[in-house]
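Everything on this sheet refers to the single structure shown next.
The values are calculated or read from the model by the stated rules, or taken from the named source; none is laboratory data. What you see is a predicted model, and the numbers here were worked out from it, not measured in a lab. Here Cβ is always computed from backbone atoms with ideal geometry, including for glycine, and neighbour counts include all displayed protein chains.
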Amino acid sequence: MTDEDIVARHKAVFSMVDHTRHVNNSEYIKLLFDSLHDVGFDTMKPFRLELNYQLETRMDEMLTIQHKRVNDIHFIHISNPRASSVIAKISPIG
């Protein structure tokens, strides 16, 4: 993905962090669905979500959310300044 694919940036704040002092995995899901909403994805239709967690994010790091659509498949890349945090693939069912 490129800078043109950036749909949002979000600072990792205290409320996103769990007892391990890293952003909780559920927070990445929230960011992912917020970005899908922003690009007009219809979450009311059945879809398959594949996630690959890469590297934890620490409090105060900036998360960059990128989106790319290839045909009916959506790819989401969430990264922190050090590396990729989450890579996701969302595809329709049926």
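Does Ser26 meet the test of being within 24 Å of Ile93 (Cα to Cα), surrounded by 14 or more Cβ atoms within 10 Å (Cβ to Cβ) and among the small types (Gly, Ala, Ser)? Considered against the rule, which asks whether it is within 24 Å of Ile93 (Cα to Cα), surrounded by 14 or more Cβ atoms within 10 Å (Cβ to Cβ) and among the small types (Gly, Ala, Ser), Ser26 comes out as no. Would the stretch 80-90 turn up any residue that is over 21 Å from His22 (Cβ atoms) and hydroxyl-bearing (Ser, Thr, Tyr)? Scanning the stretch 80-90, I find no residue that is over 21 Å from His22 (Cβ atoms) and hydroxyl-bearing (Ser, Thr, Tyr), so the answer is no.
Evaluated against (1) touching a helix residue (DSSP H, G or I) at 6+ places or on another chain (Cβ under 7 Å); (2) closer than 15 Å to Asp5 by Cα; (3) modelled with pLDDT of 95 or more, Phe75 falls short on exactly one condition, (1).
Checked against (1) of a type in the set (Ser, Thr, Tyr); (2) surrounded by fewer than 19 Cβ atoms within 10 Å (Cβ to Cβ); (3) modelled with pLDDT of 95 or more; (4) part of a strand (DSSP E or B), Ser91 passes all but condition (3). Here Asn80 fulfils each of the conditions (1) without any contact (Cβ under 8 Å) to a residue 12 or more places away in the chain; (2) touching a Ser or Thr at 6+ places or on another chain (Cβ under 8 Å); (3) among the polar types (S, T, N, Q) apart from (1). Taking only the stretch 3-21 into account, find how many residues are under 26 Å from His74 (Cα atoms) and in contact (Cβ under 8 Å) with a residue 12 or more places away in the chain. Counting residues in the stretch 3-21 that are under 26 Å from His74 (Cα atoms) and in contact (Cβ under 8 Å) with a residue 12 or more places away in the chain gives 9.
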